[in-house]
Amino acid sequence: MTRIFRVFVPATAVVLLISEILLIASAFIIAVYMTLDVDPWVNLVYDGGLVHLIPVLLTILLGMYFNDLYSQFYVKSRIVLLQQLCLVMGGAFLVQGVLSYIVPDLRVSAHVMAWGSVLAVVVIYFWRVLFSTLAIKVMGRDSLLMVGGSPLLEDIAAHLEEHPELGWEVAGYVDDSHQPGDILRRAKVLGGLPDLKEIVQATNPTRIVVGMTERRNRMPVADLLELRFSGCIIEEVATVFERLCGRVCLKELRPAQFIYSGELGPRPQNVVVQTVLNRIIAAAGLIVASPLMALTALAVKLSSPGPILYRQVRVGMDDVPFTVYKFRSMRLDAEAVTGAVVASKGDPRVTKVGKIIRSLRFDELPQLYNTLKGDMSIVGPRPERPEFVRDLSQKIPYYRQRHCVRPGITGWAQINFKYGETLEDTMRKLEYDLYYIKNMSLSLDTYIIFHTVKTMLLSRGAQ
């Protein structure tokens, strides 16, 4: 796996992206040779033809990203794949038409666009089908030998089973609490801890993942030390889980993992840079979005009685309360009887206009003002109400640690997990929040903002 923007990305996804950049560019260059009457070499090199193709290439790649073709690149349905590719090319035509009107010098010939798109669809379709079946065989799989009885080892195996594109597989388990031959998550228990060295020699795993339920007197330290010096890669189960799943595991979390961490995110220089950029982006966002905010405000006012803006106290950085602003999406008496409750899927308190602005995330646009004031950040953990924070801090360990940074309009948890309704959902979102805090950086913020745009366009995750 490769780490990009502080996010671990499968090597297969990187190879696929680079290969398709080359294939799409080649398809349109061939289209130039097929359709233009002038010398193609002169057109591409001296007349700026290659530069004109760059917006087309970027549009197609973005379209494929928005269709999840780089997060789910194993072909499950060839018909769906063909539909997605045609939709992407249609979007590229639309963008090219708008761009040609705004910047005529970047116009690409209609014949080049037509033939280039056809060639790109054909070549990417067959490449995807081939890549889906042969990529792992050609590039090879990393095999993991699971050592110990930690339940987290099986959680990792389950995640790998759901995400074959990661290119990792479980070679087997080494555990004293099960009998050799028992099946755990489609892999066998190969033996007990005393047999560790023999099992490693027989299976030759890429790496050994250690997760012990009882650390004292049971961990085969001498064997692990010998294997490490012989060249084996050995990692703790919590480290592997964090890399694969993009979240910190509360079940295996120990304070030392943060105390002695060499890259814990909220460093003073990062916070200063983030604060400056937040206020610049918030100011620009308020100016650009002002017409949209005016229309949203009018729709809220006409749809139901009550104020346009909804004000609510939330807990901010260092447990300091602040007032958050949102466009009202619920009835005026939404909590008159029930009191403070978490929004749920299909919540009857939400108005008709509220459903629309929630799905598009327009209800959160006034939070740009909170960001401009310094109460919030563009990216960070979701701000919660004081009554929820008091309750959850007693039930969930490390919950208050999420308040060491400013809360955000969007965040790592928001783009990776659904809207939390249960205590288990809240714990899962906290795991994502802690991962963000641990890896907080400008590059990760950029990735989250980019992914949030995709989430908004596809109306995902809102309730």
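The values are calculated or read from the model by the stated rules, or taken from the named source; none is laboratory data. None of these values were measured; they are calculated from a predicted model. As a convention, Cβ positions derive from the backbone with ideal geometry for all residues, glycine included, and neighbour counts pool all protein chains shown. These area figures cover heavy atoms from the full protein model, side chains too; ligands, DNA and RNA do not enter into them. Shrake-Rupley method; radii C 1.70, N 1.55, O 1.52, S 1.80 Å.
Things to note:
- Given R0 = 41 Å, the distance between the Cβ atoms of Arg349 and Ala283 translates into a calculated FRET efficiency of 0.80.
- For segment 150-168 versus segment 68-125, the gap between their alpha-carbon centres in whole angstrom: 34
- P(r) tail, the chain: Cα-Cα pairs separated by more than 29 Å, 60% of all pairs.
- Label zone at Phe450 (point 7 Å along Cα-to-Cβ), backbone N below 17 Å, segment 1-43: 2-22
- Note that segment 164-180 has calculated 3J(HN,Hα) couplings of x, 5, 5, x, 10, 9, 8, 6, x, 10, 10, 7, 7, 8, 10, 7, x Hz, one per residue in order, obtained from phi through the Karplus relation 6.51 cos²θ - 1.76 cosθ + 1.60 (θ = phi - 60°); glycine and proline are x.
- In the full protein context, the chain carries 51 Å² of accessible surface per residue, based on a 1.4 Å probe and ignoring ligands, DNA and RNA.
- For the chain, with +1 on Lys and Arg beta carbons and -1 on Asp and Glu, the positive-most of Ser117, Thr2, Thr452 along the dipole: Thr452
- Only Lys, Arg (+1) and Asp, Glu (-1) charged, at Cβ; segment 239-281 dipole about Cα centre in debye: 80
- About the Cα centre, charge dipole magnitude for segment 350-463 (Lys/Arg +1, Asp/Glu -1 at Cβ), debye: 160
- Modelled this way, with points 7 Å down the Cα-to-C-beta line, the labels at Ser261 and Ser303 are 3.8 nm from one another.
- Span-rule helices in the chain, defined as complete DSSP H runs reaching 15 Å or more along the axis (Cα) with Kyte mean at least 0.5: 11-35, 49-66, 78-102, 110-139, 268-303, 442-457
- Distances between placed amide hydrogens fall under 5 Å for Val9 paired with Thr2, Arg3, Ile4, all partners being 5 or more residues away or on another chain.
- Computed over the chain: relative contact order in percent, which uses C-alpha pairs under 8 Å that are six or more apart: 13
- Spacing of the two label points (7 Å from each Cα toward its C-beta) at Ser290 and Thr275, in nm: 2.7
- Under 29 Å from the Cα of Lys251 - lysines, other chains or at least 8 residues apart: Lys188, Lys197, Lys345, Lys395, Lys418, Lys429, Lys438
- Among 402-410, 188-196, sorting by the average number of other beta carbon atoms lying within 10 angstrom of each residue, highest first, gives 402-410, 188-196.
- Extension gain for Ala11 to Val221 (0.36 nm times residue separation, less C-alpha to C-alpha distance): 72.4 nm.
- Remark on Met330: its backbone amide H falls under 5 Å from those of Thr351, a criterion applied only to residues 5 or more positions apart or on other chains, H modelled at 1.01 Å from N.
- Per-peptide packing, taken as the mean over residues of other Cβ atoms within 10 Å, places 300-311, 49-60 in the sequence 49-60, 300-311 from highest down.
- Calculated mean residue ellipticity, 222 nm, the chain: -17000 deg cm²/dmol, from DSSP H runs (n ≥ 4) at -39500 (n - 2.57) each, averaged per residue and rounded to 500.
- The value of relative contact order for segment 26-128, using C-alpha pairs under 8 Å at least six residues apart, is 46 percent.
- Nonlocal amide H pairs with Ala171, under 5 Å, H built at 1.01 Å: Leu144, Leu145, Met146
- With θ taken as phi - 60° and the Karplus curve 6.51 cos²θ - 1.76 cosθ + 1.60 applied, the whole-hertz 3J(HN,Hα) list for segment 402-412 is 5, 8, 7, 10, 5, x, x, 5, 10, x, 4 Hz, x standing for glycine and proline.
- Cα-based radius of gyration of segment 283-331 once divided by 2.2 N^0.38 Å, which approximates compact folds: 1.37
- Solvent-accessible area, 1.4 Å probe, carbon plus sulfur percent, for the chain: 62
- Dipole orientation for the chain: of the candidates Gly354, Ile29, Cys245, Gly354 has the Cα lying most toward the positive pole (charges on Cβ; Lys, Arg +1; Asp, Glu -1).
- Extension gain from Gln83 to Thr239, taking 0.36 nm per residue of separation minus the Cα-Cα distance: 52.3 nm
- Evaluated over segment 136-201, the Cα radius of gyration and Dmax, each in Å: 12.0, 36
- Value of relative contact order over segment 352-451, rounded to a whole percent, pairs C-alpha under 8 Å and six or more apart: 27
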